[in-house]
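What follows is a single structure, written as structure tokens, with notes after it.
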Amino acid sequence: MTSRPLVAVLDYGSGNVHSAVKALAAAGADARLTSDRTLALEADGLVVPGVGAFDAVMSALRASRGDEVIDRRLAGGRPVLDAGSRLFAGIEEERFYFVHSFAAHAWSLPMEPPFPVPRLTWCEYGTRFLAAVENGPLSATQFHPEKSGEAGIRLLSNWIDGLAPTSL
């Protein structure tokens, strides 16, 4: 029997935390809602559910020191999924749940060696916009995979499949 990867869902006082936990469990993770820094740092994967205005979300993240947890994980090459903020799974022509009016219409962050070129996914709805970015251990979606039905579960499952289980 193989163990399911442990995915911490960061509870920082904002976001779709309960739907994220349910969707991750349905996708095959041992998903745990937590504000515990140690668990968030040591889990196989960390999901940061995002909802609301950018300033309010960042304020809540900083107040809970969640930004430090994210920084430490990324600096250590540990997977982080920023879901519904402002993976790439090879899923094409699926319907995902977008709720934000904010949209990035260009990518202007140049990446030079030794950093890898990020993978970008674009959508079009009236105009072309950036839907998701994957850059090393960081994956970020503009849409909410936890609210995207079967397509979202498949995307989460693919992200979970890429996690290396640890022995917590």
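The values are calculated or read from the model by the stated rules, or taken from the named source; none is laboratory data. Keep in mind it's a predicted model, so treat the numbers as computed, not measured. No Cβ is skipped: glycine too gets one built from the backbone with ideal geometry, and neighbour counts run over all protein chains shown.
Out of Asp67, Asp30, Asp36, Asp11, I need the residue that is buried (at least 18 other Cβ atoms within 10 Å of the Cβ), charged (D, E, K, R) and at pLDDT 80 or above. Which one?
Residue meeting the stated conditions: Asp11.
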Legend entry - Residues satisfying the stated conditions in the range 104-153, i.e. over 12 Å from Gly84 (Cα atoms), part of a loop (DSSP other than H, G, I, E, B) and either touching a Phe, Trp or Tyr at 6+ places or on another chain (Cβ under 7 Å) or among the charged types (D, E, K, R) (or both): Ala104, His105, Glu112
Inset, instruction - Starting from the range 104-117, keep only residues that are surrounded by 10 or more Cβ atoms within 10 Å (Cβ to Cβ), then list their pairs with residues that are β-branched (Val, Ile, Thr) whose Cβ atoms are within a distance under 6 Å, requiring at least 6 positions of separation or different chains. - result: Met111/Val117
Legend entry - Search result, residues across the range 21-59 that are among the charged types (D, E, K, R) and out of contact with any strand residue (DSSP E or B) (no Cβ under 9 Å at 6 or more places or on another chain): Arg37, Asp55
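For the condition charged (D, E, K, R), under 27 Å from Phe129 (Cα atoms) and not in a helix (DSSP H, G or I), what is the one hit in Asp71, Asp82, Asp55, Asp67? Reasoning before the result, please.
Working: Asp71 fails: not in a helix (DSSP H, G or I); Asp55 fails: not in a helix (DSSP H, G or I); Asp67 fails: not in a helix (DSSP H, G or I).
On inspection, the qualifying residue turns out to be Asp82.
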